[in-house]
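Rule-based calculations on the coordinates, nothing more; no lab input. Note that the structure is predicted; figures quoted are calculated from it, not measured. Positions of Cβ are backbone-derived with ideal geometry, glycine not excepted, and every protein chain shown enters the neighbour counts.
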Amino acid sequence: MKRFVAAAKAALISVVLFLASAPSFAVTKYFSDGSPIEVPADTTVADTFTMGTTGFVSNPSGTARYQMYGRVVVLSIPTLSGTSNSTAFTLTGIPAAIRPDAPRNVGAVGVTNAGVGLFGTITVNTDGTATVSAGIVSTLFSALLGKGITSVDIVYLR
């Protein structure tokens, strides 16, 4: 039993020493194709801004937050909902610092269309807007009744 405890302590010390010697200057993340994204720790930026909308009788707005790690943006969108007056739904006010260099399609997000909850998508555009669709296949919203988006964190490349 003493040998087992001694071996376990030695293994634990080895792990601690390995972790202590690991480089702390970068975090490795991966693109969907498996290629690495090296993100230096000192390039992290975080901020908030007022996110507006279009396509409503009275356009709701809220405080959005973002963190940027190199070119990777994590955008926290607040819950925004109201009465629709258009089949379009656009998020506005995205700061220049986190705008992508090409439109970025983001996967499933929770939306409401004509009062019904379902999955939709977001396309983050280069002009400071994001287009919200009422379905996975870019379905338009109803121009009547309620529509909105549930708070969500999205990730895309700047």
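Observations on the structure shown:
- Fewest-first sequence of Val72, Val137 by Cβ atoms within 10 Å of each Cβ: Val137, Val72
- Extended-chain gain in nm, criterion 0.36 nm per residue less alpha-carbon gap, Val116 and Ala46: 21.8 nm
- Distance from segment 45-75 to segment 91-158 (C-alpha centre basis), Å: 11 Å
- Each of Val116, Val132 has some number of other Cβ atoms within 10 Å of its Cβ, and from fewest to most they run Val116, Val132.
- Förster radius 25 Å - calculated FRET efficiency between Thr150 and Ala88 (Cβ-Cβ, nearest 0.05): 0.85
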